1. Of the residues ASP300, ASP278, ASP325, only one is open to solvent by 40 Å² or more (accessible area, probe 1.4 Å), more than 20 Å from SER148 (Cβ to Cβ), touching a Ser or Thr at 6+ places or on another chain (Cβ under 9 Å) and not polar (S, T, N, Q); which?
2. Mind listing just one residue for me: the one in region 339-354 that is touching a Ser or Thr at 6+ places or on another chain (Cβ under 9 Å) and more than 19 Å from VAL149 (Cα to Cα) and, of those, surrounded by the most Cβ atoms within 10 Å (Cβ to Cβ)?
3. Would you please name the residue that is farthest from ILE158 (Cα to Cα), looking only at residues in region 373-419 that are at pLDDT below 95 and not polar (S, T, N, Q)?
4. I'd like to know if region 204-218 contains one or more residues that are assigned to a loop (DSSP other than H, G, I, E, B), in contact (Cβ under 8 Å) with a residue 12 or more places away in the chain, open to solvent by less than 10 Å² (accessible area, probe 1.4 Å) and among the aliphatic types (A, V, I, L, M).
5. When SER87 is evaluated against the numbered criteria (1) over 19 Å from VAL265 (Cβ atoms); (2) touching a strand residue (DSSP E or B) at 6+ places or on another chain (Cβ under 7 Å); (3) buried (at least 24 other Cβ atoms within 10 Å of the Cβ), which criterion, by number, is the only one it fails?
6. Which numbered condition in (1) hydroxyl-bearing (Ser, Thr, Tyr); (2) crowded, with 24+ Cβ neighbours inside 10 Å; (3) at pLDDT 95 or above is the only one that SER111 fails?
7. Could you tell me whether region 229-248 includes any residue that is closer than 30 Å to LEU92 by Cβ, surrounded by fewer than 18 Cβ atoms within 10 Å (Cβ to Cβ) and modelled with pLDDT of 95 or more?
8. Given the conditions (1) in contact with an Asp or Glu (Cβ under 7 Å, 6 or more places away or on another chain); (2) at pLDDT 95 or above, report the number of the one that VAL345 does not fulfil.
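The values are calculated or read from the model by the stated rules, or taken from the named source; none is laboratory data. Since this is a predicted model, take the numbers as computed values, not measurements. Note: ideal-geometry Cβ built from the backbone for every residue, glycine included; neighbour counts use all protein chains shown. Surface accessibility is based on the protein's heavy atoms, side chains included, excluding ligands, DNA and RNA. Shrake-Rupley method; radii C 1.70, N 1.55, O 1.52, S 1.80 Å.
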Amino acid sequence: MDGRRGRDVRAARPERSLIEDGTFGGVVRWIDDRNDTPGPLSGLRIGVKDNIDVAGVETTCASEFFENNVADADAEVVVRLRRAGASVVAKLNMAEFAVGVTSQNSAAGPSYNPWNRTRVPGGSSGGSGIAVAAGLVDASLGTDTGGSVRLPAAACGITGLRPSWGSISNDGVFPVSEQFDTVGPMARSITEVKALFDVLSPNPSEPSDVTRIGVPTVFLTADVDPGVAQTVAAAVRTFAELGYEIVPIELEHAADAQDIVYTIVYSDLARRHRHRLDTEPERFQPATRERIALGLSISDADRAHALTGRHRFREATAATFEMVDVVLTPAMPVDVPPRDGGDDVVALSRRMGQFTYPWSLHDGPTLALPVGFHPSSGMPVGAQLTAASRREGALFALGERYQSVTDWHRTTPPHTSDL
């Protein structure tokens, strides 16, 4: 492999000193946990996003407001991990209160992309993506409201799942918007993500055949970075070579989807944090405060209209999945942005999440997986595979087939000590 594409995942993993000297920014707090319970996840070191409770450990949500907020009990997902033999070894940095897609707005400090520290790692589960990509943990848990698992997976060159809404418990997880929130597993390969999902969900995935892959033309031709479009198009050709039928489709109501999600999510955020905004606004990270404050002007009528729009989008999506088994889109329409990408965090967030937010309206699963590197910057490029509700098995089967003939998921940043 060339230097840009890194080295094989089996190479030596970074030492903890890379965290201590700030190589990846404020990424991780280590937990002294060794689990000898036999199970399907025995031997795996797993980190969890810092909005997920681990008993006896701080859950700060990367905010000054929650400093010294020690959890009394494990979140349900942590209980399930430990019962399956995993060792929960780290709490991972994030965007404050899971608000933001760059992971720069954290009381623990900003996080750096392990492929290039001048670039963002995606967010809000930025630390979860970094830790897996750099080999600091074997797998991680993030949370996804509008793309917070899928964006860091794409930006860091790993695999991440937004499961069917409601398929994994949110008990013990600090919320953003209960209408959309879900815990999602992140790992290098789809095989590992599947193993995590089957432990985390009371209803493990079931095998499901895929024959037809829908590719919405608008996602590949309208307002997409040429390098991203080129790389995702190559992945589409690979699926075609594997024998899948590629079906051009139109995804109805997709143009309105991002605004619908924003309306519901921001109204929930403003209600949840209203007291903090009114009494101690200066304690928020500036980018967090700016985004949460957007919800203050959203009326009950606006929210009701958005909920109607969500129902309309889901009806259209259900019709789509009567024609095709899986829909393929890019994960992001742009190359991984620089960390100093400007002051307009709202505009940057909208742009990065242009393709993830619509699938948050959908109640089925979306899997983000690496499909190559940007031809100009050398940064990872991710695609999304989406299926009907509770059809995680279809995504796993399709994704594992793709990863059996490609090596993108096996690469790691070439020289982490030089980042």
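1. Values: ASP278 fails: touching a Ser or Thr at 6+ places or on another chain (Cβ under 9 Å); ASP325 fails: open to solvent by 40 Å² or more (accessible area, probe 1.4 Å).
Result of the check over ASP300, ASP278, ASP325: ASP300.
2. Step by step, filter region 339-354, then rank; the result is GLY341.
3. ASP418
4. So the first thing to find is which residues in region 204-218 are assigned to a loop (DSSP other than H, G, I, E, B), and the list is 204-211.
With in contact (Cβ under 8 Å) with a residue 12 or more places away in the chain added as a condition, the list becomes 205-211.
Subsequent filtering for residues that are open to solvent by less than 10 Å² (accessible area, probe 1.4 Å) retains none.
Scanning region 204-218, I find no residue that is assigned to a loop (DSSP other than H, G, I, E, B), in contact (Cβ under 8 Å) with a residue 12 or more places away in the chain, open to solvent by less than 10 Å² (accessible area, probe 1.4 Å) and among the aliphatic types (A, V, I, L, M), so the answer is no.
5. Status for SER87: all satisfied but (3).
6. So the condition that SER111 fails would be (3).
7. Applying the first criterion (closer than 30 Å to LEU92 by Cβ) to region 229-248 yields 231-232, 235.
From the residues that got through so far, the ones that are surrounded by fewer than 18 Cβ atoms within 10 Å (Cβ to Cβ) too are none.
No: region 229-248 contains no residue that is closer than 30 Å to LEU92 by Cβ, surrounded by fewer than 18 Cβ atoms within 10 Å (Cβ to Cβ) and modelled with pLDDT of 95 or more.
8. (2)
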